[in-house]
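The values are calculated or read from the model by the stated rules, or taken from the named source; none is laboratory data. Quick caveat, the model's predicted, so the values are computed rather than measured. Every residue, glycine among them, receives a Cβ derived from its backbone with ideal geometry; neighbour counts consider all protein chains shown. Heads up: the accessible areas ignore ligands, DNA and RNA and are worked out on the full protein's heavy atoms, side chains in. Shrake-Rupley method; radii C 1.70, N 1.55, O 1.52, S 1.80 Å.
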Amino acid sequence: MTLKTAFLAFSSFILSVSISHAAVIDSSSTGLASPDQLIAFDEVGGLTGGDVVTNQFAGLGVTFSPNLFFITQFSPRDNFTTPALANFGSAPIDPFSILFEN
């Protein structure tokens, strides 16, 4: 295979790969323009500040991996209220996944 053929094959591969898209989700009261469901993180009783959260919200269609931390206080931020989940505790959780059922 010549260098030109290899370059053309690689270029064809790159052009065939799907492109991911992202959007800003912090510009409205819910983060999304029209959410199907809103989870306020107060739906599950018994959680206290610092608790590890993984599958406690599975009944609402969402789980977290490896884990996030339930927080009840946080410094003021635009479009951010508590209770909430955070990816930091004794050390940042990076990366983490939010897994949606649907």
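If you sort ILE71, ILE98 by accessible surface, 1.4 Å probe, largest first, the order is ILE98, ILE71. Given 20 °C and 1.002 mPa s, compute D for the stretch 50-102 with the Stokes-Einstein relation, Rh being the Kirkwood radius over Cα pairs; round to the nearest whole µm²/s. In µm²/s, the coefficient is 182.
Taking Lys and Arg as +1 and Asp and Glu as -1, the other residues whose beta-carbon sits under 14 Å from that of ALA58 total -2.
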